[in-house]
Each structure stands twice: as C-alpha cells, then as structure tokens.
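Each remark here refers to the structure printed beneath this line.
The values are calculated or read from the model by the stated rules, or taken from the named source; none is laboratory data. Worth saying up front: this structure is predicted, and the values here are computed from it rather than measured. Reconstructed Cβ throughout: ideal geometry from the backbone, glycine too, with neighbour counts over all protein chains shown.
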Amino acid sequence: MKGLFLDAVDDLADVFARVVRPDDPPMTVNQQERVPPEDLPGMLAGYDFVFDDHSQMPTAVMRRCAGLKHIIFLGTGARSYMHPEELAEFGITVHIIKGYGDTAVAEHTIALMWAATRGIARMDREIRRGNWLRTDGPQLTGKTIGLLGFGGIAAEVVRITHGSGMRVLAWNRSPKSAPGVTFVDIDTLLAESHVLSVHLLLTDETRGLLSAERIARMRPGAILVNTARGAIVDEAAMIAALRDGRLRHAALDVFTTEPLPADHPLTRLDNVTLSAHSAFRTPESSENLIRRALDIARQLAGLGP
C-alpha cells in the first residue's frame, strides 16, 4: 500500500521528513501549492491513499481516479474541498483528523478576540502610515463570551478565558456540559454574548447557520470571531452588519473564498481583523497533524499503531 502527499507546501514537506518513520507506508511527497483538479487522475494513478491539505477534489474528477481507496484530509474541514458522501458511493473513504491543533486554534481565537477588542490591527496599520491613531475598546473582564459549538477547541478557549474573568456561554447541537460553562439556546447565546466565537465543523446542517436573521439577533456592538469555517457565516449579512455598526468588529481567520481576494469588501473595512487561515499553524500542531495522518495510513495498511 502506497500513498501520495498531494500538496506538501508551507513547510509541510519538512514536517513530514521530521516525523515519518522507516516502517511507515511508502509515500511520495509532492511540493505543489495547488493541484489543478484536472491533473488528479494522472497524479493519483497507482496510489492507494492520498494526503490532501488544501486541494479541491471534485466528485466528477475523483470518479476517474481508479485504484484510489482513501483520502486522508489534513484537518477537519474536508467538506470545503470535497463531498465525502459522494466519494463513498464509488469506493473512496475520506478520513479527517480532529484534535491535532485544539490548543493552537484556541490561542489564535483568543489573540483575535483581544486584537479586535482593542483595535490593535488598525492602530498598527495607521502608525505605519504615519498616523498616530488611538482606538478605544472595552475591557473584557466581566463580559460574556459565547461559543457557537462546543468541542475540543472550544474547551481550550474556556480554559484560557477563565483566567480573564469572562462569563462563558455555549450552544451545541447536541447536549453537553462542562465546568464553568453555561449551556443555553442559540437565541440566548446571540443576545447575551459580547464576543461570539464560532467553533463548528462545516456540514450541510451548519452551512450558513449564522444567517442574516441570526446576525440581526446578536447583541448590538458584539464582536464576532471565526476560526472555524467561513461558510458557516452569511458573509454578506456580516459585512452589512459591520458597515452599519451593529457588529462592532469581526476577527476572521477563515473565509468563504480562500485565499481572500485582494479587492474583497472585508479588506476595505476598518472594523475587521484578518489572518490567513493560520490558527492551527504552530510547529507543535503541524507535527501532530502529520504524525496522526501517518498513523491512519499505518492502520489502513495493517501495520498497527
């Protein structure tokens, strides 16, 4: 059984070299930024499995990849790049990797929250332009953070947030409980959160969950942080709420279209802080991610842990 690392860029080839073991299944490492879908049938010929970091895998193209049995997606957001149920219909199983970077994403979430609250990115931009801009922002001690979805990342956000003296509310699609967290219905979450942080997987059910109607129910002047997936939020409604001031600020690591186009409306709003889908990018989480992907490959090949 052999595999192909389809798109080992952004230092992932180096990470792979550090964590791979001699007894792992043989793999070819392709250091290509974005693989055009039309090239996939030829590139994947002869391989049993593939690591995919960020390449689109349309169903119609993958149907022509004879012999491929497994896609090991490097993360949880496979649905942004492929349709797992459709692929399963002709024998390709999609594997995702949860929990590899919970701490990294949580820390980035907190960083975005504080940067948004105090207008740090805007001050930085203006100072570099020669303008001595000072911004005011509220203290978050005693304020409420609402977590839209509650899994491993949200639990790490709670751990960090408790040290700042914030009240924590959460809504989840299935019942959960956690120390120091009050679980509420989604309307209460929206109405009471000074900061709303998104922590949901993208599925057919969560796509567009934070709709225009729900954005309108958010606490006036709230801050929205999204380190999950852009498509969970109605982007046009979010932009409208930022323009009219209903949302104080949006701090975003993920977008409906990635990379974000240079002329995108979000790039022209002062009350937006942007990062390039990098919340998970720490050396620790990258090594954990690739090692866990290799462990999945070992199990598929019957090599054990």
- Item | Search result, residues across the range 168-197 that are outside any loop (DSSP other than H, G, I, E, B) and in contact with a Ser or Thr (Cβ under 7 Å, 6 or more places away or on another chain) | VAL168, LEU169, PHE183, GLU192, SER197
- Task: Give the residue that is modelled with the highest pLDDT, with candidates limited to residues of the range 189-207 that are more than 16 Å from GLY221 (Cα to Cα) and more than 15 Å from the chain's Cα centre (by Cα).
- Result: GLU205
- Query: What tally of residues in the range 114-138 results from selecting those that are in contact with a Ser or Thr (Cβ under 7 Å, 6 or more places away or on another chain), among the hydrophobic types (A, V, I, L, M, F, W, C) and either outside the structural domain of VAL195 (by TED's automatic domain parsing) or farther than 14 Å from ASP270 by Cβ (or both)?
  - Reply: 0
- Task: Quick one: count up the residues across the range 129-148 that are surrounded by fewer than 20 Cβ atoms within 10 Å (Cβ to Cβ) and over 17 Å from ALA115 (Cα atoms).
- Result: 5
- Message: Of everything in the range 1-26, what is over 21 Å from the mean Cα position of the chain (by Cα) and within 12 Å of LEU44 (Cα to Cα)? Give them in sequence order.
- Response: LYS2, GLY3, LEU4
- Note on the structure: Selection from the range 246-276 of residues in a loop (DSSP other than H, G, I, E, B) and buried (at least 20 other Cβ atoms within 10 Å of the Cβ) yields ASP253, VAL254, PHE255
- Filter the range 198-210 for residues that are surrounded by 19 or more Cβ atoms within 10 Å (Cβ to Cβ) and either part of a loop (DSSP other than H, G, I, E, B) or among the acidic types (Asp, Glu) (or both) and give the result. HIS199, LEU200, LEU202, THR206, LEU209
- Note on the structure: Reported set for the range 31-65 where residues are touching a residue at least 24 places away in the same chain (Cβ under 8 Å) and aliphatic (A, V, I, L, M) is VAL35, LEU40, MET43, LEU44, VAL50, MET57, VAL61, MET62
- Please work out if LEU74 is touching a Cys at 6+ places or on another chain (Cβ under 6 Å) and either crowded, with 21+ Cβ neighbours inside 10 Å or without any contact (Cβ under 8 Å) to a residue 12 or more places away in the chain (or both). no
